[in-house]
Amino acid sequence: MQPAIHPSPVLFTVSSNQTITSNKFVPSIQTPYSIFVESDPAPRVVRDPIDPTLSSLPSSYAVSPDGKALFCAGFWDSSFKSFSVDSGKQIQSMFGHRDLVTCISMTEATLSLHIPHNRLADGIIVTGSRDATVCVWDWNGKQQRVTGIDGRHACPRSVLTGHVGQIECVYVSGEQGTVVSASRGSPIFLHRVTGELIRKIRAPPSYKLPSALIITKRCEIVAHYADKSGYLAVFSANGDILNTQELQEQVLSMISDGEGDFLVTGGFNLTPVVRSIKTLSPVLRLHRANLPSGSSVSATTRSS
């Protein structure tokens, strides 16, 4: 799940039964490279059920930049919904697709330079659907609501088209004002948030099952493909393949650092891995540990 900009570092998690928890991280004074984990004393549950034909994945959720709202995809009525992180209660339902919403992404920063006609918007949400479209939505942090161009009614500011099948993953970059999206067996589409198609990016022919996308600060696009044991691929903004790497596990979620040098991936083996984006080789592994509340979680390096 995407990290939220928050007064203190907080990791939000949503379990398979849609229980929301927030865990605060405090650096350890005694041990370098360690953190003290303060667990959530009162987890909240999202009561609205996800459609059973859609798997609940990290790409099904996003958190607002201030950490107050959780956005969920996958509801039977083709909507995506927002919920209060503090209470778990529903805030809003958004309708713009003709089929199930399959994935969602949100900016971590404002997009005022890219949406000059709407001064009320201070964030952008993108949603992908089984209807093969991607919708771009305005987020008003002050109102804690998705708004339309008129600043009131929730409706997409643009609809991105071109895919021929279900959208598997999307990602929006606040710094570049761009959106990447992918469907099975098709190129990655790079759009502006205003709707214009920039280009189609083609992966190697054997890469057919995209499952995660990000755009780095250096405008490089990183994609995970679920074919065989998993593949990572890095593309330039011009569509050139910069690097590929076969993996030993399927990646469920990934994020880049602030400079675009490193990639953090998490998958089924429950061991987050930090990789160099240039080489895609592991440089750090955060080993799994079953620790009680209040324990220290340590990271160790391993040569690649």
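The values are calculated or read from the model by the stated rules, or taken from the named source; none is laboratory data. Computed from a prediction, not measured in an experiment: that's the story for all the values here. In this analysis, Cβ positions are derived from the backbone assuming ideal geometry, glycine residues included, and neighbour counts consider all displayed protein chains. Accessible surface is based on the protein model in full, side chains and every heavy atom, while ligands, DNA and RNA are left aside. Shrake-Rupley method; radii C 1.70, N 1.55, O 1.52, S 1.80 Å.
Can you give the Kirkwood hydrodynamic radius of region 213-270 from its Cα pairs, in Å with one decimal?
It works out to 11.6 Å.
Along Cα→Cβ, 7 Å out, is where each label goes; now give me the distance between the ones at GLN248 and ASP66 in nm to one decimal.
4.5 nm
What is the set of long-range amide H partners of ARG145 at a cut-off below 5 Å, with H atoms built 1.01 Å from backbone N?
Residues meeting the criterion, in which the H sits 1.01 Å from N, are ASN140.
Tell me, what HN-Hα J-couplings in whole Hz come from the Karplus equation 6.51 cos²θ - 1.76 cosθ + 1.60 at θ = phi - 60° for each residue of region 163-180, using x for Gly and Pro?
Karplus-based 3J(HN,Hα) across region 163-180 equals 6, 10, x, 3, 6, 8, 7, 9, 7, 10, 9, x, 6, 8, x, 10, 10, 10 Hz.
So how compact is region 155-301: Cα radius of gyration and Dmax in angstrom?
16.1, 50
From a point 7 Å beyond the Cα of CYS155 in the direction of its Cβ, which residues of region 60-89 have a backbone N at a distance under 20 Å?
78-82
Quick check on my link table: of LYS89/LYS217; LYS24/LYS89; LYS89/LYS208, which ones sit more than 26 Å apart, alpha carbon to alpha carbon?
The answer is LYS89/LYS217; LYS89/LYS208.
What figure in square angstrom, to the nearest 10, would you give for the accessible area of GLU246 with a 1.4 Å probe?
100 Å²
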